[in-house]
Amino acid sequence: MNTKLKTWLAATACCLSLPAVAQEESMTRIEIDSTRPGATINRDIYGQFAEHLGRGIYGGIWVGEDSDIDNIRGFRTDVIEALRDIEVPLVRWPGGCFADEYRWRDGIGPRDERPVRVNTHWGGVAEDNAFGTHEFFELVELLDTEAYVNGNLGTGNPREMAEWLEYMTGDSESAVVEERRKNGREEPWEIAYFGIGNEAWGCGGHMRPEYYSDLYNHFATFLKTPPGSEPKFVASGGHTDDTEWTDVLSRNIQRQMDGISFHFYTLPTGEWDDKGESTGFGEDQWASTLWQTLRMDEFIRANKKVLEKNDPENEIGFYVDEWGTWYNPEEGREPGFLYQQNTLRDALVAALNFNIFHRHADRVRMTNIAQMVNVLQAMILTDEEKMALTPTYHTYGMYKVFQDATSLPLEIANPGSYRSGDRTIPSVSASAARGEDGELYLSLVNLDPQAAQQVTVDVKGMEITEARGQLLTADAMDAHNTFENPGSVKPADYSASADSGNLTLDIPAKSVLVVGLE
Ligand code: AHR
């Protein structure tokens, strides 16, 4: 055990007066089987979402070339550099609800000639379309990432959608492709995923899944790309505990459909009209938030069951292309901008979701947290020229070793239980994988905000002598980074050595740990 942890644990044990025996009883045992590799954890599970919403794009990513804020051809240098560090594999754009009102032609051509529209979904503000298709793909290139473009099914028509796809991917001499060339881009861009509508059950048109399936078949019929440059086509599926959308779509859609999307947001109270606060919450909302997050596992299981029936060949992916925490708007801020502070609790929410996604890596091949900058559970918050990296950002940084790793079976014996009010949840969540670099990685979350956990680790097929990695924790449940104090919550180095062949990890209360095992 390292000295810092030893001191910390001693201090905690003293303050909580935990008898040694109680600590012994709460010992959790993790068994990893390195001899039975499972599904690949697709790196796209670590995807991001950037919508024209609040300051998600404007001010957060794009400030324009004439801005006083340091920028690379209009993109904030600080934000681009920070995002490059966490190796973002995929960015979804332009929405969300915004996608189903977006006219792609507004966002091409000279910027000063682009029309202004009203962003009716998000604050009713002016959208000057300064950030459009070319800017999005420049962002993709700056981040060295992949593109997930969401088409407009709600208010668009098949021709508009088909021409947008042609504009982006075409290599012919058609008028549409020539227009792209005239606008400065000779080569086609690559699109990894193309979404046909968004939340068709809600802001995308309040449809029934049967009607949406027909529209999907209709629109998808006309979506054409040169051979070899087809994106994965994404159908807009259900949310929360619904499985009907997955069922109907997987039975009725006849055109190419590579995945069905699914949305689930973590609300501390579970109520949309009073979701809970982003900071200053009590232990009851710590527990309820993590409890809500863990429901993701049951939702994925239920949808996988449907897909196993309708798609036994496992051709259709289950894409959780919006997830994350959603709190009450902060006082004094535009409620439609969905800006919220991000605390240690959010870091745990992200880690718990990752552990769940890893477990279902056979079907869950892509997800996008909502959203990348300044909106909901963001990686980065900005205020004019200032920037703060959130605890969630750090979880992404720590977990990047799992991108394209091979998941490994993991059993948790005696995960312990943490109880607060009427909520009881396991104290420990974990996942393990063989990284692309050949190393074995283990992620652990201690959900208990009061008690440290001791975890013994056994790996079948390997003798472990050492664990090394990073630990993210803080004194307060709502510890967060501010523009004045951007380094309050950040990962610390962690290491532990096996004693006579036994590896025991001490995990502080309310923490996330990712270690490589040697
Ligand atoms: O992420 C914010 C919004 O949440 C998205 O626009 C929409 O798809 C969802 O309801």
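I need the fraction of alpha carbon pairs in region 269-342 separated by more than 16 Å, rounded to a whole percent.
61
Measuring max minus min along each principal axis, the C-alpha atoms of region 178-325 give extents of 58, 42, 27 Å (largest first). Projecting the Cα atoms of 240, 343, 280 onto the charge dipole of region 237-365 (Cβ charges, centred on the Cα centre) puts 240 farthest toward the positive pole. Here the chain is assigned +1 on the Cβ of each Lys and Arg and -1 on the Cβ of each Asp and Glu. Its dipole about the Cα centre then comes out at about 820 debye.
Taking 0.36 nm per residue of sequence separation and removing the Cα-Cα distance, the residue 210/residue 476 pair yields an extension gain of 91.0 nm.
For the chain, adding -39500 (n - 2.57) for each run of n ≥ 4 DSSP H residues and dividing by the number of residues yields -8000 deg cm²/dmol at 222 nm.
Considered as an equivalent ellipsoid built on the Cα gyration tensor, region 170-250 has semi-axes of 32, 12, 12 Å, the largest given first. If you model region 420-514 as an ellipsoid using its alpha carbon gyration tensor, with each semi-axis the square root of five times an eigenvalue, the axes come out at 26, 18, 12 Å, biggest first.
Taking all protein chains together, 208, 180 sort by accessible area into 208, 180, largest first [probe 1.4 Å]. Which FRET efficiency value, to the nearest 0.05, do you get for residue 178 and residue 500 by plugging their Cβ-Cβ distance into 1/(1 + (r/R0)^6) with R0 = 51 Å? Plugging the Cβ-Cβ distance into 1/(1 + (r/R0)^6) gives 0.10.
Near residue 160, once Lys and Arg are set to +1 and Asp and Glu to -1 for all other residues with Cβ below 10 Å from its Cβ, the sum equals +2.
Neighbours of residue 369 by Cβ distance under 13 Å: Lys/Arg scored +1, Asp/Glu scored -1, total -4. Rounded to the nearest 10 degrees, the inclination of helix 133-143 to the longest alpha-carbon principal axis of the chain is 30 degrees. Quick one: Debye curve from the alpha-carbon atoms of the chain only, equal weights, vacuum; give me log10 I(q)/I(0) at q = 0.11, 0.12 Å⁻¹ to two decimals. One equal scatterer on each Cα of the chain leads to -0.94, -1.11. Here the convex hull built on the C-alpha positions of region 47-120 has a volume of 106 cubic angstrom per residue. Residue 209: net charge of surrounding residues, Cβ under 13 Å, Lys/Arg +1, Asp/Glu -1, itself excluded? Taking every other residue near residue 209 into account, the sum is -4. Of the residues 381, 97, 369, the one whose Cα sits farthest towards the positive end of the charge dipole of the chain is 369 (charges of +1 on Lys and Arg Cβ, -1 on Asp and Glu Cβ, taken about the Cα centre).
Listed values for region 189-196 are Karplus-derived 3J(HN,Hα) couplings in whole Hz (6.51 cos²θ - 1.76 cosθ + 1.60, θ = phi - 60°), namely 8, 9, 10, 7, 9, 10, x, 9, and x replaces Gly and Pro. Here the relative contact order of the chain, from alpha carbon pairs under 8 Å that lie six or more residues apart, stands at 19 percent.
For the chain, the tally of Lys pairs with Cα-Cα distances below 29 Å comes to 29, considering only residues 8 or more apart or on different chains.
Sparse packing (at most 12 other Cβ atoms within 10 Å of the Cβ) combined with a DSSP loop state is found for the following GluC sites (Glu not before Pro) in region 366-412: 384.
Region 182-249 and region 446-483 have their alpha-carbon centroids 39 Å apart. Taking one quarter of the surface of the convex hull spanned by the alpha-carbon atoms of region 463-518 gives a direction-averaged projected area of 4.1 nm².
With a 1.4 Å probe rolled over the protein heavy atoms of all chains, the accessible area of 168, 27 falls in the order 27, 168, largest first.
Principal-axis analysis of the Cα atoms of the chain puts helix 344-359 at an angle of about 80° to the longest axis.
The values are calculated or read from the model by the stated rules, or taken from the named source; none is laboratory data. Values in this document were obtained by computation on a predicted structure and should not be read as measured data. Glycine also receives a Cβ, built like all others from the backbone with ideal geometry; neighbour counts cover every protein chain displayed. These accessible areas exclude ligands, DNA and RNA; they are computed on the full protein's heavy atoms, side chains included. Shrake-Rupley method; radii C 1.70, N 1.55, O 1.52, S 1.80 Å.
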